[in-house]
Amino acid sequence: MGNKFNFNNNSLNSNYNGVNFRGAINNGGNFKDVNITVNKRGINFRNDVSGDVNISGMIIITSADPAIRVGGDFNNNFYLENSEINVSNDYGIQFKGNAGSLTLYENEINTSSEAIRVEGDIYSGIDITKNCFSSNTLYTVDFKGNVWGNITFENNCLFNESGTNYLARSKYNTINANQNYWDGVNGAYNQNNFVDNYPWNYCKNKCGKIKPILDYHMDSCNWSGSVGEVIDYSGNNINATAKNGANTANEGELCRSGLFDGEDDYIEIPNNLVLSSAQQVTYMAWIKRNDVNNQSNSLENIFTNQRWDNALRVTTAGHWHGGNEVLFQLHINGNTESLYSNTKIDDTNWHFVAATYDGNKMRIYIDGILDATNNVSGNIDSGNDKNTIGSELGNGYFFNGYIDEFKMFDKALNQGMITQIYNNEKNGLNFDGSQRYNFTITPIEMEAGRVDIHNTFNDTSWTHVDFNKSFNTTPVIFSVATANGSDPASVRFKNITKDGFDIVITEPLNKDGKHVAQSVSYIAVNPGLHILDGHYIDVKTVSTKKYQVRPDDGNTGWSRITLDVPICNAAILANIQTLNNLIDSIPGNPLRPWTTAVLRKVDNFNIDVALEKSEVKVDSINNNETIAILATEGEVNGTFTDI
């Protein structure tokens with residue numbers, strides 16, 4: 001290949017190799033902001049390579065074979081910067097022959113074998129600085145041949161699941177090694193007298209997955225204004241405080257969100273050294289505006305970082321610059337630098353907004369796509385004022401709408417990373433692709449109906465209900481007796497199958513057990529976590545013989561049910577599904593032992609349930625009964641289609 005190759009801002013998915021160069025490369029080339037996901041090699045140079053190769057801002061994910069492989073000699077300089085490589089079953093980078101020089105700066109390489117492997121000699125030295133290496137083999141970085149020229153190996157973090165980090169097995173000329181961090185399971189990386197004993201957990205390079213320095217999910221059920229109740233999930237514990245009535249809302253891009261009234265609501269974030277020392281930054285959030293027709297010449301702030309002009313904002317419709325734009329501002333080398341988006345956010349839908357600065361360029365991304373850039377270089381000037389979400393320092397420019405999943409990073413994320421975060425969160429995952437809660441959504445099967453239960457004075461048989469459509473799994477049933485009849489009563493079930501169930505009205509001891517006719521409603525639903533019209537419905541069962549009774553007989557207790565997701569303002573149904581302790585037949589006799597289902601909500605995840613004996617102390621409960629609960633969000637409206 002005679003001409004220099006260039007791959008920029010591309011995304012590639014393949015069941016085989018990603019980019020495959022069959023012939024020799026004569027003039028090098030560049031990869032920038034490219035995302036490759038393949039089953040074999042990510043970038044494969046089958047023959048010799050001449051000319052410099054520069055790779056930056058890449059994400060390469062492979063299941064087998066190296067992410068980057070050079071089959072012949074690499075004659076010039078190889079430069080890899082600000083990239084992420086994940087290989088499940090091979091090397092990260094492999095050079096089969098000799099190499100000119102290697103430079104790796106601020107990369108993350110996660111592999112099952114060596115992160116870097118050079119099988120020949122290296123002629124012009126090595127510079128490996130501020131990288132993260134994770135592997136599961138004897139050598140993390142492996143140079144099998146000779147290295148001619150200086151070796152710089154500084155501020156790297158090495159994690160080796162096999163327990164020992166050996167740097168390499170090459171013949172060093174001159175080594176410059178400072179502040180490298182290792183996991184320290186069974187020893188340091190000490191091959192050829194290379195020892196640099198800093199514990200891995202002090203590594204500053206955010207090894208593992210990309211980690212924000214601020215991360216507010218805004219999933220609490222409510223905020224009351226208590227100090228620190230807006231939880232930071234970054235690990236830095238920079239918990240914030242809701243001001244002037246800022247609260248959470250059920251509507252969020254991912255779970256719940258923060259709701260701001262545009263008048264005086266905001267979140268105040270404590271000052272912290274990590275928020276003022278970053279010279280690269282990424283701000284990002286999901287926003288949903290309430291008013292896109294405000295004709296005032298004004299702003300609505302998403303985030304402000306210690307001074308008025310380190311901020312991410314949107315402009316109002318009447319703003320002088322054009323209106324409804326994203327505005328990213330930084331104070332750099334004493335000057336206020338401003339970047340406006342080309343795309344307008346002029347609707348009331350959810351949008352993902354991100355802004356980055358890498359020391360040389362400001363960028364705005366909207367819905368995962370690069371939208372605007374500004375070439376500017378220098379240091380970010382920090383301030384000593386507040387950090388706020390939803391206002392400018394708490395003094396004005398209040399946001400009117402919803403803000404969700406706000407994050408700040410102390411590095412400039414590249415296009416691939418931004419797109420990956422956008423897609424993850426849009427699909428209900430955390431920014432790094434993990435699940436927020438450990439759950440599986442089960443397709444809902446539900447039938448709601450009404451049944452006439454006959455008068456059991458004259459007919460002591462049960463009433464049978466056939467479902468309109470058979471369930472795929474056996475459902476649970478919920479129903480409540482009406483006030484019809486002068487005696488206390490409760491609904492009980494038996495013979496619950498995929499096709500139907502039996503239902504009866506029962507009475508407690510000291511009553512005759514027979515009851516007047518009732519028309520009751522029922523809901524039959526399959527157990528599991530469901531989503532209906534955007535709302536969670538968690539249906540669970542527990543087998544228990546724990547009971548409550550008054551006065552307390554000293555043997556009472558509760559059984560706990562833990563929901564798959566937190567449910568705020570929960571509306572909860574509970575019914576006993578079995579009759580495993582029944583003494584006399586019903587409905588011709590009173591129900592013995594007399595039990596109903598009782599519950600208490602512990603928190604947004606946990607519900608305690610028990611068998612309620614009321615004030616009927618006689619009759620023991622010796623066998624477990626099955627109690628079913630249905631928990632869903634209260635005080636919400638929605639629609640769905642019955643099929």
> Any idea what the dipole of the chain comes to, in debye rounded to 20, about its Cα centre with Lys/Arg Cβ at +1 and Asp/Glu Cβ at -1?
Replying inline: 1500
> Size of the stretch 373-458 along its principal axes in angstrom, Cα-based, largest extent first?
Replying inline: 90, 35, 21
> Where a Cα-Cα gap under 23 Å defines reach, which lysines qualify for K344, not counting those fewer than 8 residues away within the same chain?
Replying inline: K288, K361, K407, K426
> Could you give the nm distance between label points at D291 and Q179, where each point is 7 Å from its Cα heading toward the beta carbon?
Replying inline: 4.9
> Do the alpha carbons of any pairs in K469/K613; K96/K211; K540/K617; K514/K613 sit beyond 31 Å of each other, and which pairs?
Replying inline: K469/K613; K96/K211
>> Helix-only estimate, please: 222 nm mean residue ellipticity of the chain, summing -39500 (n - 2.57) across DSSP H runs of length 4 or more and dividing by its residues, to the nearest 500.
In response: -500 deg cm²/dmol
>> Using +1 at the C-beta of Lys and Arg and -1 at the C-beta of Asp and Glu, which of V602, N375, F74 has the Cα lying farthest in the positive direction of the dipole of the chain?
In response: F74
> Where the centroid of each part is defined by its Cα atoms, how far is the stretch 1-79 from the stretch 307-355 in Å?
Replying inline: 36
>> Using +1 at the C-beta of Lys and Arg and -1 at the C-beta of Asp and Glu, which of A115, V49, T129 has the Cα lying farthest in the positive direction of the dipole of the stretch 1-150?
In response: V49
> Between the stretch 113-152 and the stretch 438-503, what's the alpha-carbon centroid distance in Å?
Replying inline: 69
> On the accessible surface of the stretch 485-531, probed at 1.4 Å, how many percent belong to carbon and sulfur atoms?
Replying inline: 48
> Relative to the Cα centre, what is the charge dipole magnitude of the stretch 234-310, using +1 at the beta carbon of each Lys and Arg, -1 at the beta carbon of each Asp and Glu, and rounding to the nearest 20 debye?
Replying inline: 280
> Which is the longest part of the chain that has none of the chymotrypsin sites (Phe, Trp or Tyr not before Pro) sitting in a DSSP loop with at most 11 other Cβ atoms within 10 Å?
Replying inline: 321-639
> With axes computed from alpha carbons, what is the tilt in degrees of helix 415-426 against the longest principal axis of the chain, rounded to the nearest 10 within 0 to 90?
Replying inline: 0
> Over the Cα atoms of the chain, how large are the radius of gyration and the largest Cα-Cα distance (Dmax), in Å?
Replying inline: 31.9, 102
> For the chain, which longest stretch is free of loop sites, where a loop site is one of the GluC sites (Glu not before Pro) that DSSP puts outside H, G, I, E and B and that has at most 11 other Cβ atoms within 10 Å?
Replying inline: 264-614
>> Of S101, N458, G433, which is farthest towards the positive pole of the chain's charge dipole, taken about the Cα centre with +1 and -1 on the beta-carbons of Lys, Arg and Asp, Glu respectively?
In response: S101
> Roughly what would the spin-label model give for N569 and F5, points 7 Å off Cα along C-beta, in nm?
Replying inline: 5.7
> Which residues in the stretch 288-311 place their backbone N less than 19 Å from a point set 7 Å from the Cα of K426 along the Cα-to-Cβ direction?
Replying inline: 288-289
> According to a simple spin-label model (label point 7 Å from Cα along Cα-to-Cβ), what is the distance in nm between K469 and S88?
Replying inline: 3.6
> For the pair D499 and S338, what calculated FRET efficiency results from E = 1/(1 + (r/R0)^6), where r is the Cβ-Cβ distance and R0 = 51 Å, to the nearest 0.05?
Replying inline: 0.15
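The values are calculated or read from the model by the stated rules, or taken from the named source; none is laboratory data. Here the structure is a predicted model, which is why all the values come from computation and not from measurement. Neighbour counts are summed over all protein chains in view; Cβ atoms, including those assigned to glycine, are modelled from backbone coordinates with ideal geometry. In case anyone asks, the SASA skips ligands and DNA or RNA and just uses the protein heavy atoms, side chains included. Shrake-Rupley method; radii C 1.70, N 1.55, O 1.52, S 1.80 Å.
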